[in-house]
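Read-outs throughout are calculated quantities, based only on the coordinates presented, and are distinct from any laboratory measurement. The structure displayed is predicted, hence computed values, not measured ones. In this analysis, Cβ positions are derived from the backbone assuming ideal geometry, glycine residues included, and neighbour counts consider all displayed protein chains.
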Amino acid sequence: MSVSNVEELLVYQLAHELTLYLYNITKKYPKEEIFGLTSQIRRAVASINTNLSEGSHRSSRAEYKHFVNIARGSVGELKYLLLLSKDLEYLYNETYNTIILRVNAISKMLYG
């Protein structure tokens, strides 16, 4: 079972846009966070599409579902890292709220 057109899925496109956005946002994080929070956020957000892509090239539907589940886990991790960023005042409340709306939309699609 191969989902060869995973890049055409709306969830994939939204997650890619979010990845680019968060890479840009985290450029402004303190330099001491480069190997900490910055790296973790970038890894978590990129992991959403990394897992969708990998799963789409697996041979069975069960394997694909497994990688979608891993992508869901990355969304959960990302949510906490964003909350931490807000509480550490690396993100303004308005920016955090905007990002979380996007993350929640992606999360719902992964469960749909």
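Residues checked against (1) surrounded by 12 or more Cβ atoms within 10 Å (Cβ to Cβ); (2) not small (Gly, Ala, Ser):
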{"residue": "Ser59", "(1), (2)": "no, no"}
{"residue": "Ile70", "(1), (2)": "yes, yes"}
{"residue": "Leu83", "(1), (2)": "yes, yes"}
{"residue": "Lys86", "(1), (2)": "yes, yes"}
{"residue": "Thr95", "(1), (2)": "yes, yes"}
{"residue": "Thr98", "(1), (2)": "yes, yes"}
{"residue": "Ala105", "(1), (2)": "yes, no"}
{"residue": "Lys108", "(1), (2)": "no, yes"}
{"residue": "Gly112", "(1), (2)": "no, no"}
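Among the numbered conditions (1) in a helix (DSSP H, G or I); (2) more than 12 Å from the chain's Cα centre (by Cα); (3) among the hydroxyl-bearing types (Ser, Thr, Tyr), the only one that Ser74 does not meet is (2). Selection of segment 30-55 for residues being in a helix (DSSP H, G or I), free of Cβ contacts under 8 Å to residues at least 24 places away in the same chain and among the β-branched types (Val, Ile, Thr) yields Thr38, Thr50.
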